[in-house]
Amino acid sequence: MRISMRPLGRLLLGPLVLGLTALGLFAVPGAALASGGSRVIGHVYLNGNTAVANTIAAYNRAPDGALTPTPGSPFPAGGAGLGTGLGSQGAIQIADNGRFVLAVDAGSNQISVLQTNPDGSLSQVPGSPVSSGGVKPVSIAMHGNLVYVANDGSAATGTTANYTGFYLTPFGQLIELPNSTVNAPGAANDLGDVLFNSTGTHLVGTEVASSLIDSFRVDFLGHLQTAPGSPYAGQGLGAFGSAFRPTDPHQLFVSNPHNVGNDVGTVSAFNVAHDGELSSIGASPFADLQNAPCWVAVTPNGQYLFAVNTGSGTVSTFSINAAGDLTLLGSTLVNDNGGVGGTDPAISPDGQNLYINETAAHGVAEMTIGSHGTLTELPSSPVALPASITASAGAVATG
């Protein structure tokens, strides 16, 4: 057996990389059939953050984007949830081309790893769940088999918020990366998101209460090197939902939902330098003209950004030019039964559908994405959440 002597970082980021889709549906190769005989081309998973025993809801995705519950759903995650909204993005991720689902168990300070079966059902991986490396994990970032978890910490116990690294083995075990934990410098126990860019060279975390953005360069060993000037002041209040452009690893977008007053939310655009330093793009921040744009998602082709306006119950569509400037194209009403609008979004890997955890309707909104970024809600939308999952608690991932 030939043994590679390359550094660990090359193992993490090189040929042994396990593919993943962040916050997205994973495509099932070939044409699978659901129990009712309809074609299944992918699955959608939602981390329920279910009180006491956390559960993951699973749905089969049809070619038109419609969802039907996977038989046996919801599935036990293995850890404990809180039964309330997490107020974060990225609480569930899909890894290794759909082989595994990773989910935060915020109530037990753990991360669960579940194996996906051919029918979309989930089975707990031996050894799961594992400690998150901190208190109250709220978000997961993945690139290949390198994983970072954002731990919110606890004001009651004085526990500091942090980012802790792991690597995912080919058998689904999470192993903590030694000496990887980095404290979130300004977080008052209110982290919003943690994410890698598409090349795995940079990692960013958002701090909602302090409106700060933490930026890091990722070295060959998978450790974080703080960017010059980090943390950076956000361009509005409540730096929260974030997304790197899939087609340009040096462009980052961050929502600013907590600006005072209605219809004043914005989305910021940044260039990310080689050392992780952030600089503003064009006339950033860009007006959203809606209330509380908390969560954001970018299409796989990098052409459109969607901002979920929780306060307005709408989704704003922006086009993205080559330089990273945003142009607001309009907003679409999310089918809402009143109260707070949608929360966590996910886009299917083929870029054809947008799914939103629709909190007030206790369901998942199903939308098609048109050729010009237009959104159309499917007649079957929203598909119901399991009764055990508290509205607003879930984060959505697609594959």
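Quick check: is even one residue across the stretch 302-310 among the hydroxyl-bearing types (Ser, Thr, Tyr), part of a loop (DSSP other than H, G, I, E, B) and in contact with a Pro (Cβ under 8 Å, 6 or more places away or on another chain)?
Our first condition is that a residue be among the hydroxyl-bearing types (Ser, Thr, Tyr); within the stretch 302-310, this holds for 304, 310.
Right, trim to part of a loop (DSSP other than H, G, I, E, B) and you get 310.
Imposing the further condition that a residue be in contact with a Pro (Cβ under 8 Å, 6 or more places away or on another chain) reduces the set to 310.
So far as the stretch 302-310 goes, yes, one or more of its residues are among the hydroxyl-bearing types (Ser, Thr, Tyr), part of a loop (DSSP other than H, G, I, E, B) and in contact with a Pro (Cβ under 8 Å, 6 or more places away or on another chain).
Do you know which of the residues in the stretch 238-255 that are hydroxyl-bearing (Ser, Thr, Tyr) and surrounded by 19 or more Cβ atoms within 10 Å (Cβ to Cβ) is nearest to Ala227 (Cα to Cα)?
The first filter runs over the stretch 238-255 and keeps only residues hydroxyl-bearing (Ser, Thr, Tyr), leaving 242, 247, 255.
Imposing the further condition that a residue be surrounded by 19 or more Cβ atoms within 10 Å (Cβ to Cβ) reduces the set to 242, 255.
Numbers: Ser242: 18, Ser255: 21 Å.
Restricting to residues being hydroxyl-bearing (Ser, Thr, Tyr) and surrounded by 19 or more Cβ atoms within 10 Å (Cβ to Cβ), the top hit is Ser242.
As an exercise: evaluate Ala360 against (1) at pLDDT 95 or above; (2) under 21 Å from the mean Cα position of the chain (by Cα); (3) of a type in the set (A, V, I, L, M) and give the number of the one condition it does not meet.
(1)
For every residue, the table says whether it meets (1) assigned to a strand (DSSP E or B); (2) among the aromatic types (Phe, Trp, Tyr); (3) farther than 22 Å from Ala292 by Cβ; (4) over 22 Å from the mean Cα position of the chain (by Cα).
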| site | (1), (2), (3), (4) |
| --- | --- |
| Gly324 | no, no, yes, no |
| Leu328 | yes, no, no, yes |
| Thr332 | yes, no, no, no |
| Thr343 | no, no, no, no |
| Gly351 | no, no, yes, no |
| Ile356 | yes, no, no, no |
| Met367 | yes, no, no, no |
| His372 | no, no, yes, yes |
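Among the residues of the stretch 362-369, are any in contact with a helix residue (DSSP H, G or I) (Cβ under 8 Å, 6 or more places away or on another chain) and touching a residue at least 12 places away in the same chain (Cβ under 8 Å)? Spell out how you get there, then give the answer.
So in the stretch 362-369, the residues in contact with a helix residue (DSSP H, G or I) (Cβ under 8 Å, 6 or more places away or on another chain) come out as none.
No, there is no match, as no residue in the stretch 362-369 is in contact with a helix residue (DSSP H, G or I) (Cβ under 8 Å, 6 or more places away or on another chain) and touching a residue at least 12 places away in the same chain (Cβ under 8 Å).
Here's a check for you: in the stretch 256-271, which residue that is at pLDDT 95 or above and in contact with a Ser or Thr (Cβ under 7 Å, 6 or more places away or on another chain) is most open to solvent (accessible area, probe 1.4 Å)?
Out of the qualifying residues, it is Asn271.
Among the residues of the stretch 167-214, what is the count of those that are surrounded by 19 or more Cβ atoms within 10 Å (Cβ to Cβ), of a type in the set (A, V, I, L, M, F, W, C) and outside any strand (DSSP E or B)?
Total satisfying the criteria: 4.
The values are calculated or read from the model by the stated rules, or taken from the named source; none is laboratory data. Being a predicted model, the structure only gives us computed values, none of them experimental. When we count neighbours, we look across all protein chains shown, and the Cβ atoms used for this are built from the backbone with ideal geometry, even at glycine. Please note that ligands, DNA and RNA were not included when accessible areas were found on the heavy atoms of the full protein model with its side chains. Shrake-Rupley method; radii C 1.70, N 1.55, O 1.52, S 1.80 Å.
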